[in-house]
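See structure below.
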Amino acid sequence: MIIPELGEYALILAFCLSILLATVPLVGATRGNALWMDFARPLSKGMFFFTLVSFLCLGWSFLYNDFSVVYVASNSNTALPWYFRLSAIWGGHEGSLLLWVLILAAWTLAVALKSRNLPQDIVARVLAVMGWIAIGFYLFILFTSSPFERYLPGFPQEGADLNPLLQDFGLIVHPPMLYMGYVGFAVSFAFAIAALLSGRLDAAWARWSRPWTTVAWAFLTLGIALGSWWAYYELGWGGWWFWDPVENASLMPWLVGTALVHSLAVTEKRGVFKSWTVLLAIFAFSLSLLGTFLVRSGVLTSVHAFASDPERGLFILIMLVVVIGGSLLLYAFRAGQMRSESSFGLLSRESLLLVNNVLLVVSCAMVLLGTIYPLIIDALGMGKLSVGPPYFNALFVPLMAIMLVFMGIGMISRWKQTSLKMLAQQLWLPGVAAVLIGMALTWSYSGELAPWVTLGIVLACWVVLTGMRDQYNRLRHRSEKLAGLFKQSRSYYGMQLAHLGVAVLVVGVALVSVYSEQRDLRMQPGDSMTFRDYTFIFEGSKHVEGPNYTSDQGQIKVLYRDEPYAEMYPEKRLYTARGNVMTEAAIDPGFTRDLYVALGEPRENGAWAVRLQYKPYVRWLWLGGLLMTFGGLLAASDPRYRKRLRPAAA
Amino acid sequence: MTPKRKQRLFLVLFIVVGVGISVGLTLFALSQNINLFYSPTQIAAGEAPQDTRIRAGGMVVEGSIKRDPDSLFVSFEITDYDKTVTVEYVGILPDLFREGQGIVAQGSMNEHGVLDAVEVLAKHDENYMPPEVAEALAKAGKMPMPEGQEFNK
């Protein structure tokens, strides 16, 4: 079969097209040659097509178990169900990079198709920058990590199987969504670089870049939320955020991306913060690349570190230096030409959004420091160390608390100049109400006012109530209030929805962090344990056979206030192909709490080490993430991003 | 100074002070929360401090795992094939914890030279070895050749 070779050739062709894409339109844009600029769109289409062919070839090899391909043999097995064989494409290093370039090509294609209203030279430059990024990744794949390498002549009859942790729905959705976000920032980056190259940084530029950035941000949010949810149920510890370096690697672009989304709003509406916005776009994408470097190079201890090859690490490091160095150099040359189109007062929506940006960037810097500090110390030969979660919590939580306070003020404030008196008038009621309602809610939930929980709930109420106040302000002068409620712009509802998501997330974080309960104990058949009104009775374990694993399944009967409530079946699975042992937790999900039961290890006389957990409001974490995602998508779908551009292009 | 410049100055001062405070707090928090890594050889040589949170890593010694029948107490030894250190832990061990597996334990040394672990980490791939452990073994000249690597080249 020559399918894998076909995939490799298609990838080489895509690489060649990316070189053309990176050069021809750019030269055309510099010389004002329309014909050359027009090459950008067909080249983007071609690059996407051949990357897709390459991806499908790898998919075909997985589907038909072609174990002569090294990558397939290392990551698949005939006993795997077909959908895991397909998602195994991105279960390892090589394939996940192929997914990365496929998504990069897809974003390039999307820009090519959806940019009919943009000036030709801008389109040419943006697509060319996407081409440059693509060159880097095609080179990376072709030279250091080709997924199409063969075992010849003697290849194994059976594959080594996919890591059992990855045999899960989470693998099907989490990496593609996360990559959509990571790579989506490449579009913001390309717009920023194109603007620097052309020297035309104006409100129109921000309006073009904004929907792309918001969509990328929404996907990244979804990807992170999915990752957190997956880790929660699959790793068997019931944790939802570990400050693991790889989680940090996705959080950093998210923080800067969030700052970018807000800063773009200011640039679009008011024509200020231009150089700052460009800088954020450069950093958001650089941090995405840094994330790739941290994950792929194996320099960090992490659950995600599956490839540790110094050559690969070096390649990404060089790429990182080229991208950051090159774009900052360009920035240094061109930033001086940027002029603000308006001014603003000390107390205005502009400065409040600047505060938001500063807080987000500082949080990002602090996460970055905690993540790479061990690397720096190690590189200096000063010993090996790790930075614990307390560091991140101690800094991140207060910073976010301050940000929530400003979030409410920012929503109410006006562009250009806001009077302190107006703010006080508008905000005293939501403020007092937030404190009272927040404290009442906390008290009614727990019967106490634990400081961090109270703070979290009060701030969540504050964000919701100030949002409602702003909504009310917009309707106050309308005669038909209810009809007016549906007449706001989509980007406004998107903003409201995303901010509501933040409030929901904060409630979830506060409650699950403080009021989770956990019992690790040894349970013999008949043993029981009661806490939080739930009684867990261990009834013993039995042997169960799965398609590609064997399993010990515990039976745990749950009583709620002494009434039968549920049966839970946590499992300890042995995946036979690799001999991996996996904990499959049993979860009883609920809107206000999860029950989480996991088996530890077997002990004498049919006893097991068992972990019982009560997780209040844990679902709110991901609900908040979903709300933010939908908010972002809704805002990006606002018709004004399409409408207003037509006359300009004509 | 024009009012506009004054405003800008305020803004810049605000940012500088804010960043300064954050950096100060960050470095303080960082210094409070770093966990140094020690190999069994370093611990045996008395380099590891008592009552401070440290990380120690090595291979779990064959036949050293002792479990208490009535509780979740477990004790085992880790080695870099030069020196060994006893680790005590109460709780559930990770799935990939087993004899001959490379692990990292977080905890503090007590006065008997035993590591009281609060967390035991074993990574979720059996061909994977924590980088610190790999380096500690390499330093002791005892890096074992992993088996079953034919698919990973």
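All of the numbers you see were taken from the coordinates with simple rules; none came from a lab. The structure presented is a predicted model; accordingly, all values stated were derived computationally and were not measured. Note: ideal-geometry Cβ built from the backbone for every residue, glycine included; neighbour counts use all protein chains shown.
Tabulated data
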{"item": "Spread of Cα-to-Cα distances over 10 Å intervals beginning at zero, given as percent, for the protein assembly as shown", "result": "2, 12, 21, 24, 21, 13, 6, 1, 0"}
{"item": "Sites A:Ser528 and B:Asp70 - FRET efficiency at Förster radius 25 Å, r taken between beta-carbons, to 0.05", "result": "0.90"}
{"item": "Antiparallel DSSP beta bridges within region B:37-122, as percent of all bridges there, nearest 5", "result": "80 percent"}
{"item": "B:Glu99-A:Arg339 pseudo-label distance in nm [points 7 Å out on the Cα-to-Cβ vector]", "result": "7.9 nm"}
{"item": "Calculated FRET value between A:Ser446 and A:Tyr472, using beta carbons and R₀ = 35 Å, to 0.05", "result": "0.70"}
{"item": "Length-normalised contact order for chain A - Cα pairs under 8 Å, 6+ apart - percent", "result": "12 percent"}
{"item": "Charge dipole magnitude, Cβ of K and R +1, D and E -1 - region B:37-122, Cα centre, debye nearest 20", "result": "140 debye"}
{"item": "Theoretical FRET efficiency, 1/(1+(r/R0)^6), r = Cβ-Cβ of A:Val53 and A:Thr78, R0 22 Å, to 0.05", "result": "0.30"}
{"item": "Spin-label pair B:Phe28/A:Glu517, simplified geometry with 7 Å Cα→Cβ offset, distance in nm", "result": "3.6 nm"}
{"item": "For region A:42-100 and region A:1-24, distance of Cα centres in Å", "result": "15 Å"}
{"item": "Listed residue (B:Val60, B:Pro94, A:Ile2) projecting farthest to the positive dipole end of the protein assembly as shown, Cβ model", "result": "A:Ile2"}
{"item": "Viscosity 1.306 mPa s, temperature 10 °C, Stokes-Einstein D of region B:37-122 from Kirkwood C-alpha radius, µm²/s", "result": "126 µm²/s"}
{"item": "Alpha-carbon Debye profile of region A:454-571, log10 I(q)/I(0) at 0.17 Å⁻¹", "result": "-0.90"}
{"item": "The protein assembly as shown, dipole about Cα centre (Lys/Arg Cβ +1, Asp/Glu Cβ -1), debye to the nearest 20", "result": "5640 debye"}
{"item": "Approximate spin-label separation A:Leu152-A:Ile402, in nm, with each point projected 7 Å along Cα-to-Cβ", "result": "6.2 nm"}
{"item": "Hypothetical label at B:Glu62: residues of region B:88-119 whose amide nitrogen lies under 14 Å (7 Å Cα-Cβ projection)", "result": "B:99-101"}
